[in-house]
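Worksheet: the structure to be examined is printed underneath.
The values are calculated or read from the model by the stated rules, or taken from the named source; none is laboratory data. Treat the numbers as computed from the prediction; the structure is a model and nothing was measured. Virtual Cβ from ideal backbone geometry, glycine too; neighbours counted across all protein chains shown.
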């Protein structure tokens, strides 16, 4: 198997090679089953390379850490010092070859210029790329550089690569303050015509987190959970004055550096974070080896929510401040926000069609969970629909909203008062830029919704008083937003039951004309394929007609997500071998579905093993085009479907995405109350894909 290879490199520090590497890796994982990450040189072997750790963890790469790098900088320096440059390249190639035969694509990242700039008097990255016969994606740091300087660097890239005979796959002009004004330099190159991409500067990517400071200066945690430690620092404030004067200088996102015995400052900062009319600090750094006394700590412990991390060190204030300010801004596995920002930045500046045409020349029927997730996200980004999230007081919703916005998956509308939502977001360090906040107590909108709901449901016995009471519930308000076109879809359920989420949708939005019943499905993401299970959440005991409709709806849903549907109507008996009311229901449903959708590949009744295993399928139902190859599984009732999806999920470590409602006039989807931030992001992406 011939592996494919790309080498990402920059010629100056802080160019953003990792941002480009993250974007490429997400793209590659969506197109190839086995992708490897390789750094020819790393700084040292005592501590894991942060880029390698991030790639292995975030993208779940199936390669050991030892196979992710060639050698250390010290080893390379020693070989060069003893005039063994050829041996250096041979050793790197030898390590690379261990990956080549096992992986479909290998993404290489060159070493940062700041780490070897004083060691080598030549561009070691390009020499390694040449010896690996790798095309190069160059990254140029355009931060605060005039156009003339950027053109000079582009010319340097062109001359360097032409001189060494290295193909230039693309150039990324990164960290630009206004990328649109640079597009006219595409014609600058004379002979070679590489792909040219423009990425804007994101200040938040270059700001450290509380966790970064903690690790950089060796501080310890007094208060703060994992999420709080990931808060981004906007600035630093040394608190050396009285409280009333200090509060005049405190700004949003500050790390307050203060001697640990200044209890007045500590309490003032905590109070500021709790107040709705004051800035929220990112955290407090206590200096001098002082920590609050036992009595003060009892007082702090008694607060319902301190709302910000507090860390401490033994060093004095001056040395602590000097060290803290030098904290580098890193993107690592623990910081999902920065990863989301980096991926969103890449998608904003890179035409995916170019990557497809240049890097992928074969189409595989393989569908891994990573491929499916990327397909969903890619499709959602093309639509950028307006999604209302009613549960804005849930921290998971706020964090997911930020990620959704940064990755350009959807335009998010949060329900709640501007003051309350903004304050809560500030307390947990979430950036709401680009996110709309709508107050459901806005009388003009609320009264309009009450009138519309009353008109819509009065024939069902709804009074105006009941309509007013219903619209006071955020799920009814959000559903009415979808019904009136103020939003394209709604996702809820993190704080509400399934019934509270979907009942308004059934009452207000209703089902499509050609659909007799709304139902649900789960996408079951296994190792090398994605299956559709339905119905596992909504319809308790469908009739034959309803079961046929569920099958047709599920097939259409599968097709809309890139899955060519092969539908199995499941039962405890296969073909004509069984008798009984339950089997007959499935047999009738199969015939109804075939009549309603004659072009649909569907068969039943069939047992699960015969539907998914070709050998068993050929034995139990010979001649069937479905047996052994099904990817859409229709269960006879909710009891069977719900238990089966949970059993498969636990037994195979499959990722179950859902339940996804289908058949409604507009998308409304339900979250589990135990959902994670990642679950919310995925559900929103799928919901966007359902928008017509």
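Here's a check for you: in the stretch 383-395, which residue that is within 17 Å of residue 686 (Cβ to Cβ) and touching a helix residue (DSSP H, G or I) at 6+ places or on another chain (Cβ under 7 Å) is surrounded by the fewest Cβ atoms within 10 Å (Cβ to Cβ)? Filtering first and then ranking leaves 383.
Considering only residues in the stretch 399-421 that are touching a residue at least 24 places away in the same chain (Cβ under 8 Å) and over 20 Å from residue 345 (Cα atoms), the one that is surrounded by the most Cβ atoms within 10 Å (Cβ to Cβ) turns out to be 415.
Need the failing condition index for residue 633 against (1) surrounded by fewer than 22 Cβ atoms within 10 Å (Cβ to Cβ); (2) closer than 16 Å to residue 554 by Cα, just the number. For residue 633, the exception is condition (1).
Only one of the numbered conditions (1) farther than 28 Å from residue 335 by Cα; (2) at pLDDT 90 or above; (3) out of contact with any helix residue (DSSP H, G or I) (no Cβ under 6 Å at 6 or more places or on another chain) is violated by residue 667, and that is (3). Please state which one of 499, 424 is assigned by TED's automatic domain parsing to the domain that holds residue 392, under 30 Å from residue 273 (Cα atoms) and within 29 Å of the chain's Cα centre (by Cα). Going through 499, 424 in turn, the sole match is 424.
Scanning the stretch 436-448 for residues that are at pLDDT 95 or above and crowded, with 20+ Cβ neighbours inside 10 Å gives a single hit, 438.
The set of residues in the stretch 551-587 being in contact (Cβ under 8 Å) with a residue 40 or more places away in the chain, surrounded by 18 or more Cβ atoms within 10 Å (Cβ to Cβ) and either more than 25 Å from residue 380 (Cβ to Cβ) or not assigned by TED's automatic domain parsing to the domain that holds residue 636 (or both) consists of 551, 566, 567, 568, 569, 570, 571, 574, 575, 585, 586.
Considering the stretch 82-119, the residues that are surrounded by fewer than 17 Cβ atoms within 10 Å (Cβ to Cβ) and at pLDDT below 85 include one that is nearest to residue 37 (Cα to Cα), namely 101. Among the residues of the stretch 556-598, those identified as part of a loop (DSSP other than H, G, I, E, B), out of contact with any strand residue (DSSP E or B) (no Cβ under 7 Å at 6 or more places or on another chain), farther than 23 Å from residue 523 by Cβ and at pLDDT 90 or above are 572, 598. When every residue of the stretch 495-514 is checked against the conditions, at least one turns out to be in a strand (DSSP E or B) and either in contact (Cβ under 8 Å) with a residue 12 or more places away in the chain or under 21 Å from residue 631 (Cβ atoms) (or both). Might you check whether a residue that is surrounded by fewer than 15 Cβ atoms within 10 Å (Cβ to Cβ) and not in a strand (DSSP E or B) occurs anywhere in the stretch 262-272? There is at least one residue in the stretch 262-272 that is surrounded by fewer than 15 Cβ atoms within 10 Å (Cβ to Cβ) and not in a strand (DSSP E or B).
List the helices (runs of 4 or more DSSP H) inside the stretch 308-413, counting only whole elements, that have at least 1 residues being at pLDDT 90 or above.
In the stretch 308-413, 317-325, 336-349, 369-383, 395-406 are the helices (runs of 4 or more DSSP H) which contain 1 or more residues that are at pLDDT 90 or above.
The residue that is surrounded by the most Cβ atoms within 10 Å (Cβ to Cβ), among those in the stretch 194-218 that are assigned to a loop (DSSP other than H, G, I, E, B) and more than 24 Å from the chain's Cα centre (by Cα), is 194.
Candidates are the residues of the stretch 446-494 that are assigned to a loop (DSSP other than H, G, I, E, B) and out of contact with any helix residue (DSSP H, G or I) (no Cβ under 9 Å at 6 or more places or on another chain); the one that is farthest from residue 681 (Cα to Cα) is 461.
Identification of strands (runs of 3 or more DSSP E) wholly contained in the stretch 33-146 with 3 or more residues that are over 27 Å from the mean Cα position of the chain (by Cα) and farther than 30 Å from residue 653 by Cβ yields 35-42, 69-72. Where residues in the stretch 219-236 are assigned to a strand (DSSP E or B) and touching a residue at least 40 places away in the same chain (Cβ under 8 Å), which of them is surrounded by the fewest Cβ atoms within 10 Å (Cβ to Cβ)? Taking the candidates together, the pick is 220.
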